[in-house]
1. Going by the alpha-carbon gyration tensor, a ≥ b ≥ c the square roots of its eigenvalues, is segment 178-266 rounded (a/c under 1.5) or, if a/c is not under 1.5, prolate (a/b greater than b/c) versus oblate?
2. First obtain the Kirkwood hydrodynamic radius of segment 204-310 from its Cα pairs, then insert it into the Stokes-Einstein equation at 37 °C and 0.692 mPa s, and state the resulting D in µm² per second as a whole number.
3. Just report the Cα centroid separation between segment 457-484 and segment 410-430, whole Å.
4. Provide, for q = 0.15 Å⁻¹, the log10 of I(q)/I(0) from a solvent-free Debye sum over equal Cα point scatterers in segment 39-79.
5. Taking the Cβ of each residue in K36, K361 as the centre, tally the other Cβ atoms inside 10 Å and list the residues starting with the fewest.
6. Treating cross-link reach as a plain straight distance, find the lysines whose alpha-carbon is under 22 Å from the alpha-carbon of K176, omitting any fewer than eight places away in the same chain.
7. Which of the three applies to the chain, rounded, prolate or oblate, going by the alpha-carbon gyration tensor with a ≥ b ≥ c and a/c under 1.5 meaning rounded?
8. PRE reach from A25 (point 7 Å along Cα→Cβ): which of segment 68-112 fall under 14 Å by backbone N?
Amino acid sequence: MMRASGILLHISSLPSPHGIGTMGAAAKDFVDFLVKAGQAYWQILPVCPTSYGDSPYQSFSTFAGNPYFIDLDLLAKAGLLQPEEYESIDWESTPGCVNYGALYQKRYAVLHKACARLLAAPPADYADFLAKNAFWLPDYALFMALKDAHNGVCWQQWEEPLRRREPETLAAARAKYAADIDFWQAVQYLFYTQWHDLKAYANAQGIEIIGDLPIYVAEDSVDVWSCPQEFQLDENLVPTEVAGCPPDGFSATGQLWGNPLFDWDTMAANGYAWWVRRIRHLCGIYDVLRIDHFRGFAGYYAIPYGDKTAENGRWRTGPGYALFAAVKKELGSPRIIAEDLGFLTDDVRALLKECAYPGMKVLEFAFDSRDGGDYRPHSYPTNCIAYTGTHDNEPVDGWFETALPDDIERAIQYLNLTKEEGMNWGMMRGIWSSVADLAVVQAQDVLGLGHEARMNTPATLGGNWCWRALPGAFTPELAQKLHDAMELYGRLPEKPAAEPDETEKSEDAEKAAEPKT
């Protein structure tokens, strides 16, 4: 990876008149901003559909795309919607915040109209899309149709023949809900058509997209329902233990995520086929893949199912390098970033070294008196990704609002921060000037926003994943300021060598034809 920089901004956080950021004009405008700002990467969060709590890390499917990100103006341009069918809808959101409840109630009615028109005259590539995605799409579409038929309840509460996927029952359901299945498949066609168009636009301008792979999947997902043998479930298909993090200095009771754990023995026996499919799919839609909670592959924390806190969990051994050896065997060497934050042990460090993936350094952690040394820029290796903070952290200005006074003073002394420069710009300078190959800042830091713009507070429910940038926030002046900083710290993208003109080509040809002496 060449020395470069990027900005972290999720699709949902883009400006939009229709309740949430989408893959339309504002997304391409942001790509243009990144180019002018001298950036090389756009990092986003998982693009999968959100479920309980609106978190992209709790999804109905690891393979599907979020229907909310489908741009309605682009559907109108394609003749699949009339402007009056969506422009008059009150999306009940403020310009700076997503209202997920309103989206759930109102977005699908609009998408039904677009999909009805698409299915009435399917595009030439529609059948090919269905065929290429047959390894996940039919199960996903059936799962979503059944969820609608059961008023959205978890599949664990469906009738026993459906829970256990008895073949005759599934065949009857596919016939009964054929129209709904067609709808959910068409939605995914719309999502991926717009996504690949956006990615092609970004790549053509030299911007690569860093996507995100959550290590775990939600219990209420087609992934668990369709492949129960891959997870630690009992004879009643109920998880035996679930995922989380142990108590630490940040949380006295730990973090109870509640995701089912993988049955690593079963996965090893089949060559980690499920993981290979997952990583192949995501590497096909992103340029670089960040794997969340990488330490869980060395050792993972298992909490008894039904516990209300994470206090009674235990550490268990993960698959280690065997998983990534299987990935390498099948996929070569995909470009992967390992999120190696949290409680690190020797086995985690050894796994990261064996994989040779770049890890992460978060500057906001550097000034914690309890354990900050590894996160201070003078200790960074080149093979790492430096962040001011991630989506789970405060924006820089929010950190200065909420951090301990001693931590703030340590940051000021270490980076020589001044109010004149701006605390956010001083902290960004700290990682831009480091030797880290890649430095990524949150869009909130670029915009100088504080606690009110925080994307997520771990172990809390409600009020997360809602922040949006205001229209016009990413100005030409801001782009120029960033560009100047990238030039100063040697992070401007390399320009491709200019093509020689016809005269130069002719002269080169004549020299090549001269006899050698």
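1. It comes out oblate by the Cα gyration axes.
2. Values: Rh = 15.3 Å.
Rounded, D is 214 µm²/s.
3. 19
4. -0.49
5. Fewest-to-most Cβ neighbours within 10 Å comes out as K36, K361.
6. Excluding near neighbours in sequence, the set is K113, K147.
7. On the way: a/c = 1.41, a/b = 1.17, b/c = 1.21.
Rounded, since a/c falls under 1.5.
8. The answer is 71-78, 83, 87, whose backbone nitrogens lie closer than 14 Å to the label point.
Values in this text are rule-based calculations from the coordinates and carry no lab data. Just so you know, these numbers come straight off a predicted model, no measurement behind them. Note: ideal-geometry Cβ built from the backbone for every residue, glycine included; neighbour counts use all protein chains shown.
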